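Below: one structure, written as structure tokens.
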2 protein chains.
Amino acid sequence: MSNPTAYQSLVDHQRDIALLGSTQAVLGWDQETQMPSDAVAHRAAQLGQLTRLTHQMQTDPRIGDWLDAAGNSDTDADQACNISYWRKGWDRATRMPEDLAVALSEASSVAMAAWQQARATDSFPEFAPHLETLVGLKRREAEAMGWPAGGEAWDALADEFDPGMTAASVSAVFTPLRSALVDLRASVPEQTTADISALKGLPVDQQTRFLKDLVARMGFSFDGGVMATSTHPFCTSLGAGDVRMTMRSDEDTLLTALGSSMHECGHALYEQGLPRVFAGQPRGAYNGLSIHESQSRLWENHVGRSKPFWEWFTGQIADEFALPGLDAEQLYRAVNRTEAGLIRVEADQATYDLHIMVRFELERALLNGDLKPSELPDAWNAHYRDYLGVTPDSNATGCLQDIHWSMGAMGYFPTYTLGNLYAAQLFDAARAALPALETQIASGDFAPLLAWLRTEIHDPGRLHSPSELCERVTGKALSAEPMLAHLGRLHGV
Amino acid sequence: MSNPTAYQSLVDHQRDIALLGSTQAVLGWDQETQMPSDAVAHRAAQLGQLTRLTHQMQTDPRIGDWLDAAGNSDTDADQACNISYWRKGWDRATRMPEDLAVALSEASSVAMAAWQQARATDSFPEFAPHLETLVGLKRREAEAMGWPAGGEAWDALADEFDPGMTAASVSAVFTPLRSALVDLRASVPEQTTADISALKGLPVDQQTRFLKDLVARMGFSFDGGVMATSTHPFCTSLGAGDVRMTMRSDEDTLLTALGSSMHECGHALYEQGLPRVFAGQPRGAYNGLSIHESQSRLWENHVGRSKPFWEWFTGQIADEFALPGLDAEQLYRAVNRTEAGLIRVEADQATYDLHIMVRFELERALLNGDLKPSELPDAWNAHYRDYLGVTPDSNATGCLQDIHWSMGAMGYFPTYTLGNLYAAQLFDAARAALPALETQIASGDFAPLLAWLRTEIHDPGRLHSPSELCERVTGKALSAEPMLAHLGRLHGV
């Protein structure tokens, strides 16, 4: 028996919740891109208030009744998708104490500012008490959510970022992947250093304009989005027709700014491609963070570090910056050079996932109480020695380099590596579907690839789970093979 | 008998209302400075939602009980000030139907975007239906608020901007002022044109940096504020420690950008100087729009167009832009040249208030139904011919030049002229209190003037009504004499 009234009530109510969430996103965007330092406390109060109002709407007891009524009625696939995610959100919201939600929002807002300050002055002790507060609050959150028998606190937090992901399942993928990546690194032939000095110190304004032109060519709509600058590049959706991304303003070489711009643009193209008709509903939302990351990595690594891309883009750089002597092969080698480094966002494809493994193990230990926040710098540095063979020379380039934990995002990092694996497997499928893909990229024509992604990944929203989507589009379950094969081809091993 | 519980409940509840209002201000700031065009509808929905939530909080029936209990108890002057303004707000809020509040918020958000488009393409018919909607809604608002016998709809709207202001009281000031300004204009000797071509086409980035240095020197704190760019310069407070102002990015001469920067900085200094201990309370809020405008005009006209200022600032420009041939006397003449023009924000001190009179009479007629929105361009142009002796060559430079009506701000314009009158009278008082003021300004030292304004105008917040404040600080009721005397000295008549 159908119950259209209950379903429509859910649609309206959840649209209101999403609308208020999008206002929180505006405050977050402004905080990262424009807000002055004296406003930290007031902004935390603003975010805390919206979190409190949102929590009240999310725990409105009518939701439970509507879900029961709508769930017992005939639904089409779109409606079933929405109901399933709303049910999940209802369970999470009713388990989350309101005071904890407010405390988390305010603590993370203050911690983000403290992190920016601590990173700028390389002063971990300034950040440590905030991290300790956040770990305590996140542990309380995990306990409120609960986890299946045999699991651990990390699982309860990770589920929000990628449904079903657990510390055990991540470990099962990470352990063999680590061996393969370490083997790969050992077998890559010694690389000569490409000379890219011509790309350093280019005028910042010109570099910004040039990269805006590139993302427009990739398909980013500036009528429906903004590209600004921030300390750490990111992408966020502020609602229908309003996708924002940033690039760093302090890059000293064009290649770094290029990589992060193509990365964030991949995220932004996904957000701009989500079906507008389902705006404010799970059916029209991004399909978990791993799939989101697959879109950024596909553009950054499989397009932006490919030979065909550099056949085209070398000429673009040469024309824009009046650098006639550039050599495509040398630039291609430069962007694919592999070397273990300290900074995750500057890491190459062959070492990036080792950075993720460090973070995964440490946040797991923090949440389980096996590691004290004050011990983080030593543990971080020891892991970097073990996995990457390098030792940070400061906490700013060590455990303070990422914004995530200061935002309260724990259980998040592994989605980057899963995103890398999805990206490689999806790009293989795109190549199979688009025989002229390399030729198109070599002429700066990205429209066919974007159209394929729109149809296969963006339009479906959350209709299928990430693993189902992967099987539908690529014909196979997610596997590390495509990425390892890609890296093998790249480095000729 | 004191009732501290009721008073404290009011403080907490009204702080929550102010907090949500400050989030609306963030959305407004972003809309004017960064938001992409496709986001218009979503942003209107976001603002509508916050307006609805705010209205619910403002009409919480407990407020009436708290006000009754707190009003019957012993209060100090600060508490009495708060209670009086909260009572006024309670009366307004309970008279405003919720559907009307939401409709106004959404209609003005959409109309602002339509106005920007119509102004850019000089297409009044694109804006006319939005204006018609807004006039209808504002008329409904005025009827809901009500006005005293013998008054009119305009009074009910104007009271929100400057308490007690009525169309009749404004007319009583404007009619003789108009004669005096017309006489003054007729008696100003013919002016030779100063050559300021050296100040045109300066690099935009350098001009921006230079003006940021100036506002910092005036006392603006960049730790507690931001200066960005927008179509129409404005200043807004987003909460404690967060005052934002804009300048136009398209100025072709430094002098125009200078005037609007000093103007907005005057507003910003007032906001930054309001007593933080009363943040979120009327006692700590600005004292009506006329006093707000007095602060911007004081800096723009009485400092920024004075001889001592140019004795100092000419050298600053010469050094920054490597223009050694600049002449202080010539620049002083250039910024004080009087000529009737089409654009309010570019008008000089002697003609500015005539622009205001046109707007006042037309919005009064629109609200009374004596003028149809479609007839606005003809009526506008006729008034400009009558008062200023000029005829707009397009609606973009005519009735589409200002953002105010598109925001739903009707009953607002006269506060500009009252602000001019307050500015002149306050600056006379500052000169009397600070004998070295001209010498200080001539050496770029603005700290003594700012300190005087902090004590006399900023610290008191809303403790006294605007007219009381004027009497306390200047010893006299507000009068047009100081401004007319100032203009007479300026033009030697």
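The values are calculated or read from the model by the stated rules, or taken from the named source; none is laboratory data. Keep in mind that this is a model prediction, so the values were computed, not measured. A quick note on method: Cβ atoms are made from the backbone with ideal geometry, for glycine too, and the neighbour counts reach across all protein chains shown. SASA here: full protein model, heavy atoms, side chains in, ligands and nucleic acids out. Shrake-Rupley method; radii C 1.70, N 1.55, O 1.52, S 1.80 Å.
Summary of values
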| item | result |
| --- | --- |
| Copy-to-copy label separations for A:ALA120, where each label sits 7 Å from Cα toward Cβ, in nm and ascending | 3.4 |
| For a label point 7 Å along the Cα-to-beta-carbon line of A:ASP76, residues of segment A:429-459 with backbone N under 20 Å | A:455-459 |
| Residue pairs, from the table B:LYS138/B:LYS372; A:LYS138/A:LYS372; A:LYS212/A:LYS307; B:LYS138/B:LYS476; B:LYS212/B:LYS307, whose Cα atoms sit over 26 Å apart | B:LYS138/B:LYS476 |
| For segment B:405-493, diffusion coefficient by Stokes-Einstein and Kirkwood Rh (Cα), 10 °C, 1.306 mPa s, µm²/s | 108 µm²/s |
| With every protein chain in place, chain A: carbon and sulfur % of accessible area (1.4 Å) | 50 percent |
| Accessible area per residue in Å² at 1.4 Å probe, computed on segment B:295-387 | 37 Å² |
| Helix-only [θ]222 nm of chain A, DSSP H runs n ≥ 4, -39500 (n - 2.57) each, per residue, nearest 500 | -20000 deg cm²/dmol |
| Accessible surface buried once B binds A (1.4 Å probe; total of both sides; Å²) | 2800 Å² |
| Heavy-atom accessible area ranking, 1.4 Å probe, most first, across B:ARG385, A:ARG472 | A:ARG472, B:ARG385 |
| Estimated inter-spin distance, B:GLU152 and B:VAL277, nm [label 7 Å along Cα→Cβ] | 4.6 nm |
| Cα Rg, Dmax (largest Cα-Cα span) when computed across the protein assembly as shown, Å | 31.1, 92 |
| Rounded Å value of the spacing that divides the Cα centres of segment A:167-233 and segment B:90-107 | 50 Å |
| Label-point separation, A:LYS307 to B:ASP378 (7 Å along Cα→Cβ), nm | 7.3 nm |
| Using alpha-carbon coordinates, inclination of helix A:204-218 to the longest axis of chain A, degrees | 70 degrees |
| Segment B:41-59-segment A:368-430 distance, computed between alpha-carbon centres (Å) | 40 Å |
| Net lengthening on full extension, B:GLU471/B:ALA120 (0.36 nm per residue, minus Cα-Cα) | 121.9 nm |
| Efficiency of FRET between B:ASP68 and B:HIS464 - r from beta-carbon atoms, R0 22 angstrom, step 0.05 | 0.30 |
| Inter-label distance for B:ARG385 and A:ARG385, nm, one decimal - labels placed 7 Å from Cα along Cα-to-Cβ | 8.8 nm |
| Radius 12 Å from Cβ of A:ALA334, net charge of other residues (Lys, Arg +1; Asp, Glu -1) | -1 |
| Average Cα contact separation per residue, chain A, under 8 Å, 6 or more apart, as relative contact order % | 19 percent |
| Inter-chain Cβ neighbour average for residues B:23-31, partner chain, 10 Å | 5 |
| Surrounding net charge for A:GLY241, when Lys and Arg each add one and Asp and Glu each subtract one, Cβ distance under 10 Å | -1 |
| Accessible surface, 1.4 Å probe, highest first, among residues A:GLU363, B:GLU271, B:GLU106 | B:GLU106, B:GLU271, A:GLU363 |
| When segment B:169-491 is reduced to its Cα atoms, the Kirkwood hydrodynamic radius in Å | 20.5 Å |
| Accessible-area value, B:ASP74, 1.4 Å probe, nucleic acids and ligands omitted, Å² | 120 Å² |
| B:THR229/B:ALA447 FRET efficiency (R0 35 Å; Cβ-Cβ; nearest 0.05) | 0.80 |
| Heavy-atom accessible area ranking, 1.4 Å probe, most first, across B:GLU152, B:GLU132, A:GLU456, B:GLU141 | B:GLU132, A:GLU456, B:GLU152, B:GLU141 |
| Bridge type composition, the protein assembly as shown - antiparallel percent by DSSP, nearest 5 | 45 percent |
| List of segment B:223-253 residues, accessible area with partners at least 30 Å² below that of the chain alone (1.4 Å probe) | B:ASP223, B:VAL226, B:ALA240, B:ASP242, B:ARG244 |
| Computed E for A:ALA340/A:ASP60 - FRET, C-beta separation, R0 56 angstrom, nearest 0.05 | 0.65 |
| For A:VAL226, residues with placed amide H under 5 Å, excluding near neighbours | A:VAL243, A:ARG244, A:MET245 |
